[in-house]
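*Asks:* One structure coming up, written as structure tokens, with questions to follow.
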Amino acid sequence: MPRSRGSRKGARFYLDEQEQIMRTKAKTKINTTIESEPLATRVALHPFLAGMNRMQLALLTDCAMAARFEKGETILSEGEFANRCYLIETGKVVLEFGGSFGEPLMIETIGPGDLLGWSWMFPPYTWQFTARAIEPTTAIFFYGTILREYCEKDHSLGYELFKRMSVVMIKRLQAARRQMLSVHVHGAALESSRFC
């Protein structure tokens, strides 16, 4: 008995729906796999910490915990007390500056493998940027105050973290400089066009 065109459309809809379910399951499986790994393994495998020795990784694991952020969630706010940092595992986070002066200036977008937050290490311990998840994000959270104590006791740990963080600080400051210059040049161009 021949099939009608209506049943093909129904079958296509069913297959499209199944494909969508499979994509969702695959995406969920990736995130679940990361989250189901023991925290010590997640810390040891994070690219930011590559090359650190077992003792240093054990100290880091001691003050770490898993964190998850939804799209649009503010992770840290410029000017507030800095007492933590994050290693991003999945998702994306936007860094912004100057929201208290009007429209915030987007500095950089970071993602898997990146460090979020270095202000916990330097007095006066205040955030220099605001960070907001722009998609669901998983990260490893570290207590900055405990980590500072560990760095004071084990200077090799402090040195290893500082080497890695200084690269991030330079990159972020250069990104902020580029964005501010861009805004300045764009503003100057607008200003000069009004007098022409």
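*Asks:* In region 110-123, which residue that is at pLDDT 95 or above and not aliphatic (A, V, I, L, M) is farthest from VAL43 (Cα to Cα)?
*Replies:* Looking at the filtered set, the residue picked out is GLY111.
*Asks:* What's the number of the condition ALA139 fails, among (1) at pLDDT 90 or above; (2) in a helix (DSSP H, G or I)?
*Replies:* Tallying (1) at pLDDT 90 or above; (2) in a helix (DSSP H, G or I), ALA139 fails exactly one: (2).
*Asks:* Can you tell which of ARG68, ARG3, ARG23 is part of a helix (DSSP H, G or I) and either modelled with pLDDT of 95 or more or of a type in the set (D, E, K, R) (or both)?
*Replies:* Criteria check complete, one pass: ARG23.
The values are calculated or read from the model by the stated rules, or taken from the named source; none is laboratory data. All figures in this text were calculated on a predicted structure; none of them were measured in a lab.
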